[in-house]
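Student: The structure under discussion is supplied below as structure tokens; questions concerning it will follow.
The values are calculated or read from the model by the stated rules, or taken from the named source; none is laboratory data. As the structure is a prediction and not an experimental result, all values here were calculated from the model. Here the Cβ positions follow ideal geometry from the backbone for every residue, glycine too, while neighbour counts run over all protein chains shown. These accessible areas exclude ligands, DNA and RNA; they are computed on the full protein's heavy atoms, side chains included. Shrake-Rupley method; radii C 1.70, N 1.55, O 1.52, S 1.80 Å.
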2 protein chains.
Amino acid sequence: MTDIHRPAERRRLSMVDVAAHAGVSVGTVSNVLNRPELVAEPTLRRVRASIKALGFVPSAPARQLRGGSGRSVGVMVRDIGNPFFSEVLPGIETRLSQEQLLLVLCSSGDSIEKEAHYLQILEQHRVPGILITPAGQDISHLVELRRRGIGMVLLDRPGADSQLCAVAVDNVRGGELAGAHLLSLGHRRIAFLNGPPIVRQCADRREGLVKAVRAAGLDPDEVITEITLPALTPREGEAALERLPARGGPTALFCVNDTVALGALRGLERRGVSVPHDMAVMGYDDVEFAALLSPALTSVRQPKHQLGQAAAELLLTDARGDSGHWHQEIVFQPELMVRASTSG
Amino acid sequence: MTDIHRPAERRRLSMVDVAAHAGVSVGTVSNVLNRPELVAEPTLRRVRASIKALGFVPSAPARQLRGGSGRSVGVMVRDIGNPFFSEVLPGIETRLSQEQLLLVLCSSGDSIEKEAHYLQILEQHRVPGILITPAGQDISHLVELRRRGIGMVLLDRPGADSQLCAVAVDNVRGGELAGAHLLSLGHRRIAFLNGPPIVRQCADRREGLVKAVRAAGLDPDEVITEITLPALTPREGEAALERLPARGGPTALFCVNDTVALGALRGLERRGVSVPHDMAVMGYDDVEFAALLSPALTSVRQPKHQLGQAAAELLLTDARGDSGHWHQEIVFQPELMVRASTSG
DNA sequence: CGCAGATATTGAAATGTTTCAACTAGCTTG
DNA sequence: CAAGCTAGTTGAAACATTTCAATATCTGCG
């Protein structure tokens, strides 16, 4: 067993070394790397051989210093653990890797401070663009960043009067679909397991739910019992069951996303409450596993892969900073997926 | 409606501008940023005021150029869409963000070329370290990268004779647990829905399964029907059912991960095959939703959050390049979670 | 008053690229 | 054969920082 030490800290190779080795100037090495068509065939071969022989790897930071903006874009989500984002990410990654852009993943955990901190670091890195699901309501700091030349696209969030590009799914409509569905099944006392109202998606889904209740000629305050969860995890979804009114309690549970619904289902099963007989349950997002839960979960589907791709696409045009680029907002429509957890 | 144009491409601010504005030298501005304790109180205030007034943001690339290695580490997974990785990532992110490190997410999609390409870009960016689940068997290129000074930790993969640090779960043991469980239930014809054998995890789980069969005094070739899937997705899991031998077919299905099992369950349900009565099904990973599938999925649990944290931790020490650092391998033990899909 | 020792600030070199004006050779052309 | 091209190559400036030896200013002391 030999102790594998890191070799003596030899200075990293630079183009100067390559130039010396190949007997040309640094300018020529640079040309070989960036505009090979300008370099004569024999020189090209010689320089490339030297690069290989020495194991030279150009320095991205140095390139960027001279060149301008970098080759990595920021993607800020509220919670990487959330399967919704895991299903959106592939759409983003595919598009970015086509453009040779690195994906810097940031998770704000719904903390405005953590978000601000990440944004600061991203700006220092001179990223050409950022894809973000903001933690808070106020997005003026994002508008400001864009003014300073960083491409900015809101992900899963409407664009606030077209100040920024945005890709979103109509959450009000989704909440409305959910509400109308539960009401049509005869439910008149609905518990809404929601996230903090500062989160736009939560507020919007709530608005849709209220709208549906009103449209049915009922009083939202009587029909809806809203329970605010500190975090959108299965654990909190299960814990929230404790806070349901004991008597005259709800007959249906609308969970603001499938992850919460997962916890709620688990909790109900443990308590021996039959779904949907004693309690109807529905989620939101229609993540991959929703259809296969026990019982199969009714949910509101969002086109997640498309959302990611569209967002990346929009970011690319925004980051390019084409003059005359108008702020664009792409809104996808949600779709109700009725399954056993509400209509068994 | 006003056309919001990007403002005239004014040159980005540098420390020179700040220095001029505050009436000090650039050296002093640098000190304010990096060693404020060396700067006199009034100067400190003045420079900070100038930074704020001008909206100066230091350039990370320039810092890195002089300073050495960068502040972002690479995390290469085989497939971001896989919920296993979504559950490992939070553990990594938490630890990295504590150290003010950015997480560059790369998804190789099991392609050696895509992996190599990403690695090349990461090296150009002078990342201090990389956390990787390699796409292929051969990891000599990773050892080489480490020799060149990039911290390297294998994620979810043993460390090949301690050439590299590694964090893994014992996959052979996991496969063995699964096999022993199915055999103990009396199953004698087991279909193994596996991934490509180049993927180490797949090969190891297979080895464990074979070991369990041998331990029971049976012939692996008779008991196990292996079906190789081109990708580990629900879609492929479902498609694989078509390839099961029609007569004398298996009575149990061991899926190499829960995502595949998800697809298999969906397919069996569509075909009206009762689980576990007509066919026992088990998965691997025990992802968040496994316990709530219909029927609840028997699976082999891996401590995912811990895995991520331990990996990040190890990478930090490896990237620091403490002299005398020995290659370390952390192996977690898997745990069998028996549920309705095998023992209803 | 002169000097030692702190304390605070400066100016310039160094980092690894890109870019571009200037230069060289080798041809063609009138 | 001089003049004008063209293709290929060069050398140095520029980019935004950090670092560090050198300098300037102050404080107290003999």
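Student: Just one of (1) open to solvent by less than 10 Å² (accessible area, probe 1.4 Å); (2) more than 13 Å from chain B (Cβ to nearest Cβ) trips up A:G186, so point out which.
Tutor: (1)
Student: Sticking with this one: When the residues of the stretch B:32-42 are filtered to those that are more than 14 Å from chain A (Cβ to nearest Cβ) and more than 6 Å from DNA strand C (Cβ to nearest atom), which remaining residue is surrounded by the most Cβ atoms within 10 Å (Cβ to Cβ)? Spell out the reasoning first.
Tutor: Taking the stretch B:32-42 first, the residues more than 14 Å from chain A (Cβ to nearest Cβ) are B:32, B:35-42.
Checking which are more than 6 Å from DNA strand C (Cβ to nearest atom) leaves us with B:32, B:35-37, B:41-42.
Values: B:V32: 24, B:R35: 9, B:P36: 12, B:E37: 6, B:E41: 8, B:P42: 8.
Taking the candidates together, the pick is B:V32.
Student: Do we find a residue being of a type in the set (D, E, K, R) and either assigned to a strand (DSSP E or B) or modelled with pLDDT under 95 (or both) anywhere in the stretch A:186-200?
Tutor: yes
Student: While we're looking at this one, here's another question. Would you check which residues across the stretch A:99-128 are within 21 Å of B:I80 (Cα to Cα), open to solvent by 20 Å² or more (accessible area, probe 1.4 Å) and not small (G, A, S) and list them?
Tutor: Residues satisfying the conditions are A:E99, A:Q100.
Student: Here's a follow-up. Going through the stretch B:57-98 one residue at a time, which ones are more than 8 Å from every other protein chain (Cβ to nearest Cβ), open to solvent by 30 Å² or more (accessible area, probe 1.4 Å) and closer than 19 Å to A:R78 by Cα?
Tutor: B:T94, B:R95, B:Q98
Student: Also, I was wondering about something else. Which members of the stretch B:83-115 meet the condition of being in contact with a Ser or Thr (Cβ under 6 Å, 6 or more places away or on another chain) and within 22 Å of B:I198 (Cβ to Cβ)?
Tutor: Once the filter is applied, which keeps residues that are in contact with a Ser or Thr (Cβ under 6 Å, 6 or more places away or on another chain) and within 22 Å of B:I198 (Cβ to Cβ), the stretch B:83-115 yields B:K114, B:E115.
Student: Considering each residue of the stretch B:311-344, count those that are more than 9 Å from chain A (Cβ to nearest Cβ), under 25 Å from B:A178 (Cα atoms) and in a helix (DSSP H, G or I), and give that number.
Tutor: Number of matching residues: 3.
Student: Next question, about the same structure. Kindly indicate which of B:L154, B:L131 is open to solvent by less than 10 Å² (accessible area, probe 1.4 Å), of a type in the set (A, V, I, L, M), away from chain A (no Cβ under 11 Å) and over 27 Å from A:K114 (Cβ atoms).
Tutor: B:L154 is the lone residue from the list that is open to solvent by less than 10 Å² (accessible area, probe 1.4 Å), of a type in the set (A, V, I, L, M), away from chain A (no Cβ under 11 Å) and over 27 Å from A:K114 (Cβ atoms).
Student: In the list B:G208, B:G174, which residue meets the criterion of being touching a residue at least 40 places away in the same chain (Cβ under 8 Å) and either aliphatic (A, V, I, L, M) or outside any loop (DSSP other than H, G, I, E, B) (or both)? Steps first, answer last, please.
Tutor: Numbers: B:G208 fails: touching a residue at least 40 places away in the same chain (Cβ under 8 Å).
Only one candidate passes the filter, namely B:G174.
Student: Let me ask something else about it. Being in a loop (DSSP other than H, G, I, E, B) and not polar (S, T, N, Q) is the filter here, so list the residues in the stretch A:117-135 that pass it.
Tutor: A:H125, A:R126, A:V127, A:P128, A:P134, A:A135
Student: Okay, moving on. Can you name the residue in the stretch B:15-31 that is more than 7 Å from DNA strand D (Cβ to nearest atom) and surrounded by fewer than 16 Cβ atoms within 10 Å (Cβ to Cβ) and is also farthest from the other protein chains (Cβ to nearest Cβ) among such residues?
Tutor: Going through the qualifying residues, I end up with B:G23.
Student: I've got another one for you. Quickly run through the stretch B:40-61 and pick out the residues that are outside any helix (DSSP H, G or I) and in contact (Cβ under 8 Å) with a residue 40 or more places away in the chain.
Tutor: Once the filter is applied, which keeps residues that are outside any helix (DSSP H, G or I) and in contact (Cβ under 8 Å) with a residue 40 or more places away in the chain, the stretch B:40-61 yields B:G55, B:F56, B:V57, B:P58, B:S59.
Student: Pull up the stretch A:255-296, narrow it to residues that are under 22 Å from A:D156 (Cα atoms) and part of a loop (DSSP other than H, G, I, E, B), then point me to the one that is most open to solvent (accessible area, probe 1.4 Å). First the steps, then the outcome.
Tutor: Looking only at the stretch A:255-296, we keep the residues that are under 22 Å from A:D156 (Cα atoms), and these are A:255-262, A:282-290.
Going one step further and asking which of them are part of a loop (DSSP other than H, G, I, E, B), we end up with A:256-257, A:283-284, A:286-289.
Numbers: A:V256: 3, A:N257: 6, A:G283: 0, A:Y284: 0, A:D286: 11, A:V287: 3, A:E288: 83, A:F289: 10 Å².
If we take residues in the stretch A:255-296 being under 22 Å from A:D156 (Cα atoms) and part of a loop (DSSP other than H, G, I, E, B), then A:E288 is most open to solvent (accessible area, probe 1.4 Å).
Student: I would also like to ask the following. B:E37 passes all but one of (1) without any contact (Cβ under 8 Å) to a residue 60 or more places away in the chain; (2) away from DNA strand D (no atom under 16 Å from the Cβ); which number fails?
Tutor: Only one criterion in (1) without any contact (Cβ under 8 Å) to a residue 60 or more places away in the chain; (2) away from DNA strand D (no atom under 16 Å from the Cβ) is unmet by B:E37, namely (2).
Student: Does B:R12 qualify as being more than 9 Å from DNA strand C (Cβ to nearest atom) and either more than 14 Å from chain A (Cβ to nearest Cβ) or assigned to a helix (DSSP H, G or I) (or both)?
Tutor: So B:R12 fails the test.
Student: If only one of B:D138, B:D161, B:D79, B:D110 is touching a strand residue (DSSP E or B) at 6+ places or on another chain (Cβ under 8 Å) and part of a loop (DSSP other than H, G, I, E, B), which one is it?
Tutor: Criteria check complete, one pass: B:D79.
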